[in-house]
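Read through the structure below, which is laid out as structure tokens, and then see the notes.
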Amino acid sequence: MSEPILETSGLTKEFRGFVAVNGVDLRVAAGTIHALIGPNGAGKTTCFNLLTKFLPPTRGSIRFKGRDITGLRPAAVARLGLVRSFQISAVFAHLTALQNVRIALQRARGGSFDFWRSGRALDVFNPRALALLDEVGLAEYAQTPAGQLPYGRKRALEIATTLALDPEMMLLDEPTAGMTHADVERIVSLIRRVRDGRTILMVEHNLSVVEGLCDRITVLTRGRVLAEGDYAAVSGNAEVIAAYLGSEAGSAAHA
């Protein structure tokens, strides 16, 4: 296993006595696709929110590229190259696909989004925005309002806007949730295409997606790491099978 780009030590989050994430030690190797899976209520999304600083940990530490980022704000973490997507669609519905990507690219102007400037002044971003749309299979939808895109295409647009931030590591939260089989295949193919030169950590419920896509898998249950390894190792683990199919899946508290 190569050197970790992201690692946690004793990562813990408590909510008024309820321990949602409990002493998680996670190591994500650079250049890999790493999945975080587990039954409902396992603490996956809470863990994601801790890693990207949308929640402060109760205890423990987080290091990215060897730097302690435990106390940083989300924007500072993103500037370091750790960028996430969300379960809920996060696009500007009334702007075109091209405009959505262009907004993400505008950070190159030193943080100013220039909403008061003429649209023509921002045309310098169009070639890169169009290239990103093409990379995620949305070239023909460049002038389509994001709100009119089918759900699967909307998620692809979110990945394009994430790529516009030039992340070294992408955290994808349920990238195939609620999709048709065809959309799932499209997003899986997209993730394979954009992994070059990047590390990807993803929360995913669809185990067939995890099997065909991920290099390493960490299984959480009740906020703790239950198992870790490749798909063959974790899918054959008796405790993992019990967590998904046994009474624990029904009784675990929600993260």
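Tabulated data for the structure shown
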quantity	calculated
Mean separation of Cα contacts under 8 Å (6+ apart) over length of the range 1-52, as relative contact order %	33 percent
Rel. contact order, % - alpha carbon contacts under 8 angstrom, at least six apart, the chain	28 percent
Cα gyration tensor shape for the range 141-186, rounded if a/c is under 1.5, else prolate or oblate	oblate
Taking Arg216, Arg193 and counting other C-beta atoms within 10 Å, the order from fewest to most	Arg193, Arg216
Residues of the range 123-148 with amide N under 17 Å of a point placed 7 Å along Cα→Cβ from Ala182	137-141
Antiparallel %, DSSP beta bridges [both residues in the chain], to 5	55 percent
Under-20-angstrom lysine pairs by C-alpha in the chain, whenever the two are 8 or more apart or on separate chains	4
Difference of contour (0.36 nm per residue) and Cα-Cα distance, Arg195 to Asp68	43.3 nm
Residue order, fewest to most beta carbons within 10 Å, for Val77, Val21, Val136	Val77, Val136, Val21
Residue-by-residue Karplus 3J(HN,Hα) for the range 188-194, coefficients 6.51, -1.76, 1.60, Hz, glycine and proline x	4, 4, 5, 4, 4, 5, 8
Angle between the chain longest axis and helix 126-135 axis [Cα atoms, degrees, rounded to 10]	40 degrees
Answer label for Kirkwood radius over Cα pairs in Å (calculated), chosen among (1) 19.0; (2) 20.0; (3) 17.9	(1)
Long-range amide H partners of Leu6 with built H, under 5 Å	Val28, Lys65
C-alpha long axis of helix 151-164 to longest principal axis of the chain, angle in °	80 degrees
Local net charge near Leu72, Cβ-Cβ under 12 Å (Lys/Arg +1, Asp/Glu -1)	+4
Rel. contact order, % - alpha carbon contacts under 8 angstrom, at least six apart, the range 140-253	18 percent
Projected label distance in nm at Ala93 and Glu135, using a 7 Å step from Cα toward the beta-carbon	2.8 nm
Calculated [θ] (222 nm, deg cm²/dmol) that DSSP helices of n ≥ 4 give over the chain, each run adding -39,500 (n - 2.57)	-9500 deg cm²/dmol
Estimated inter-spin distance, Arg16 and Arg128, nm [label 7 Å along Cα→Cβ]	4.5 nm
Charge tally in the Cβ shell below 10 Å around Cys214, where Lys, Arg are +1 and Asp, Glu are -1, Cys214 excluded	-3
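Laboratory data are not the source of any read-out in this text; all were calculated from the coordinates shown. Not measured: the values here are computed from a predicted model. Cβ coordinates were reconstructed from backbone atoms using ideal geometry, including for glycine residues, and neighbour counts include every protein chain displayed.
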